[in-house]
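The values are calculated or read from the model by the stated rules, or taken from the named source; none is laboratory data. Computed from a prediction, not measured in an experiment: that's the story for all the values here. So basically every Cβ, Gly included, is an ideal-geometry build from the backbone, and we count neighbours across all protein chains shown.
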Protein chains: 2
Amino acid sequence: MENITSLNSPHIERVKALTGPRGKKNRETESAFIAEGIQTVREALTSKLIAGLAVKHVYVTESGLLKLQQEISSANLEKYELIMVSDQVMTAMADSESPQGIIALCSSKSMKLSDLWASKPNKIAYFWQIQDPGNAGTVIRTADACGFDAVVFSSDSVDIFNPKTVRSTVGSLWHIPAVTDVNIDEFINQAGVNNLPLYALTGEGEESFNSSFVSRVSKQPSGWLFGNEARGLPTLPSELVKVAIPMKGFAESLNVASAAAIVLHSVGLY
Amino acid sequence: MENITSLNSPHIERVKALTGPRGKKNRETESAFIAEGIQTVREALTSKLIAGLAVKHVYVTESGLLKLQQEISSANLEKYELIMVSDQVMTAMADSESPQGIIALCSSKSMKLSDLWASKPNKIAYFWQIQDPGNAGTVIRTADACGFDAVVFSSDSVDIFNPKTVRSTVGSLWHIPAVTDVNIDEFINQAGVNNLPLYALTGEGEESFNSSFVSRVSKQPSGWLFGNEARGLPTLPSELVKVAIPMKGFAESLNVASAAAIVLHSVGLY
């Protein structure tokens with residue numbers, strides 16, 4: 001087993017290249033990304049649901065290895081290439097401020113939209129130009145927890161393989177497929193072809209997202225569209241049903257991940 | 001009207017002292033904080049609901065002033081001291097990466113717990129050791145949108161007057177009172193004295209947060225307890241009702257702000 005103690009190791013540069021300021025470009029070029037922390041890496045090593053998100057190897061400190069061994073059977077762990085690193089090297093590699101001693105280098109692959117339709121999804125959520133990395137990760141986690149089949153992101157959304165998004169999914173990245181770079185017009189067209197009713201969350205919907213609406217639409221398959229943090233959704237075809245979440249108080253709107261939590265939980269758990 | 005163009009102006013130092021690395025201490029010492037951006041500052045200038053969150057003065061660029069004048073009547077705007085600053089000075093002052101040309105220096109004051117009880121609240125939410133500034137702001141925004149009467153934060157929670165939290169409330173900081181530094185045992189005791197039933201959100205609740213539970217408890221006043229992002233809630237008295245949000249899929253838990261959105265919307269909008 002390798003044991004890296006030098007702060008000049010090319011492994012540090014390799015990891016930082018995937019999480020640093022030019023990380024997005026490097027992640028795309030290499031089809032690779034970094035997962036940090038015990039919970040996230042455990043899910044990466046043990047979940048078998050998402051094709052293409054394979055773990056290439058795992059960097060661990062001595063204490064990180066102990067944590068992994070407590071969470072994963074040794075038979076399972078033996079399948080992966082573990083590279084021991086010193087605490088100093090881990091600190092140099094890590095993106096988070098308090099590294100947990102475990103970093104996985106993974107290959108990245110998004111599901112294709114055609115594969116999503118082929119899977120005959122029952123409930124999916126589409127996010128248009130979502131910008132905040134934490135929001136993107138949180139909606140993947142929420143969609144997982146609410147039994148949704150997939151999350152779709154528009155072009156010009158934040159890169160879901162950036163370290164903050166991966167961390168915010170807390171492992172759900174390995175539980176539920178994500179389709180990225182999907183143009184909203186194309187998505188709406190293909191949903192029509194595939195007979196999936198769509199509902200767009202907007203501030204002024206013709207429908208109110210209340211319990212009678214939820215009970216009416218939740219039994220059928222459905223797709224739910226959410227907009228950008230500041231601008232909401234773009235102008236949509238008039239035949240697409242617009243839905244507003246009822247509100248009290250003085251807030252003009254909800255955070256997009258909060259709105260998604262309300263909608264996905266009602267629709268998914270109904 | 002003052003017009004600040006020098007990058008050596010003490011005003012820059014004053015603003016940065018309230019948002020920088022030692023910001024928390026300075027905010028406490030001065031009972032002051034910074035609000036940035038048109039939407040947030042507009043709410044600070046026009047909302048009259050929260051005692052003690054007064055605007056001391058507003059720094060604006062020329063384009064920032066135009067934006068403010070579009071949003072707020074000149075009679076309302078004349079009540080405040082406006083300080084003109086150059087674009088360069090604004091960039092030096094601002095905490096956000098793309099400043100909108102408007103920064104308000106505000107006095108900070110939390111509501112006292114005794115004043116909260118005196119207001120006979122119908123619905124309140126309590127957050128124990130919430131750590132992420134974005135989560136703290138988001139739950140204030142959600143509580144506002146769901147018609148809750150107040151948000152309470154435990155000691156050892158993130159400072160709600162830090163710039164990221166203020167920004168994440170998108171003005172709701174001026175719509176709904178926040179009580180800070182409240183010990184959980186004290187909160188539970190005082191809720192008992194004030195006849196407010198409490199419900200604690202935990203992974204393994206004896207009650208499931210489903211529609212029949214919601215319809216049973218929502219008509220009465222209630223308080224809802226949420227825990228830390230990683231550790232959840234501490235051990236609680238056995239007589240306190242524990243409630244779990246039902247989940248599907250493979251996620252172990254929800255983000256605390258997502259969980260709060262599901263609960264506060266169901267309870268507040270029932």
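Tabulated data
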| quantity | calculated |
| --- | --- |
| Check on A:V158, in a loop (DSSP other than H, G, I, E, B) and either surrounded by fewer than 24 Cβ atoms within 10 Å (Cβ to Cβ) or within 14 Å of another protein chain (Cβ to nearest Cβ) (or both) | yes |
| Inter-residue pairs, beta-carbon under 8 Å, first buried (at least 19 other Cβ atoms within 10 Å of the Cβ) and in the stretch B:58-78, second assigned to a helix (DSSP H, G or I) and not aliphatic (A, V, I, L, M), 6+ apart | B:Y59/B:H11; B:T61/B:D87; B:L68/B:R42 |
| Evaluation of B:A200 against (1) part of a helix (DSSP H, G or I); (2) more than 10 Å from chain A (Cβ to nearest Cβ) (one fails), failing number | (1) |
| Any hit, the stretch B:218-239, residues being out of contact with any helix residue (DSSP H, G or I) (no Cβ under 8 Å at 6 or more places or on another chain), under 27 Å from A:I38 (Cα atoms) and within 12 Å of chain A (Cβ to nearest Cβ) | yes |
| Filter result (touching a Phe, Trp or Tyr at 6+ places or on another chain (Cβ under 8 Å), small (G, A, S) and under 14 Å from B:F127 (Cα atoms)) within the stretch B:215-260 | B:G223, B:G227, B:A259, B:A260 |
| Members of the stretch A:46-60 found to be part of a helix (DSSP H, G or I) and more than 14 Å from every other protein chain (Cβ to nearest Cβ), listed by number | none |
| Subset of the stretch A:79-104 that is under 24 Å from A:A178 (Cα atoms) and small (G, A, S) - its residue that is surrounded by the most Cβ atoms within 10 Å (Cβ to Cβ) | A:A104 |
| In the stretch A:12-34, the residues that are out of contact with any strand residue (DSSP E or B) (no Cβ under 9 Å at 6 or more places or on another chain) and hydroxyl-bearing (S, T, Y) | A:T29 |
| Flag for B:V256 being under 22 Å from A:L254 (Cβ atoms) and crowded, with 20+ Cβ neighbours inside 10 Å | yes |
| A:F213, sole failed condition from (1) more than 30 Å from A:E30 (Cβ to Cβ); (2) of a type in the set (A, V, I, L, M, F, W, C); (3) in contact with a Lys or Arg (Cβ under 8 Å, 6 or more places away or on another chain) | (3) |
| Complete set of residues in the stretch A:245-263 that are at the interface with chain B (Cβ under 7 Å from one of its Cβ atoms), farther than 19 Å from A:E206 by Cβ and touching a residue at least 12 places away in the same chain (Cβ under 8 Å) | A:N255, A:A257, A:A261 |
| Residue match in the stretch A:189-204 (condition: aromatic (F, W, Y), crowded, with 22+ Cβ neighbours inside 10 Å and in contact (Cβ under 8 Å) with a residue 40 or more places away in the chain) | no |
| Any hit, the stretch B:181-196, residues being within 16 Å of the chain's Cα centre (by Cα) and farther than 14 Å from B:A136 by Cα | yes |
| Residue in the stretch A:121-134 that is assigned to a helix (DSSP H, G or I) and of a type outside the set (F, W, Y) present | yes |
| Which numbered condition A:T142 misses (of (1) part of a helix (DSSP H, G or I); (2) within 13 Å of chain B (Cβ to nearest Cβ); (3) β-branched (V, I, T); (4) within 21 Å of A:E28 (Cβ to Cβ)) | (4) |
| Options A:P221, A:P237: the member that is surrounded by 14 or more Cβ atoms within 10 Å (Cβ to Cβ), farther than 30 Å from B:G171 by Cα and not aliphatic (A, V, I, L, M) | A:P221 |
| Exclusive hit being in contact (Cβ under 8 Å) with a residue 40 or more places away in the chain and among the charged types (D, E, K, R), set A:D181, A:D156, A:D149 | A:D181 |
| Test result for B:F250, closer than 30 Å to B:A94 by Cβ, in a loop (DSSP other than H, G, I, E, B), in contact with a helix residue (DSSP H, G or I) (Cβ under 9 Å, 6 or more places away or on another chain) and among the aromatic types (F, W, Y) | no |
| Answer from A:F226, A:F250, A:F209 - the residue that is crowded, with 17+ Cβ neighbours inside 10 Å, assigned by TED's automatic domain parsing to the domain that holds A:K123 and over 21 Å from the mean Cα position of the chain (by Cα) | A:F209 |
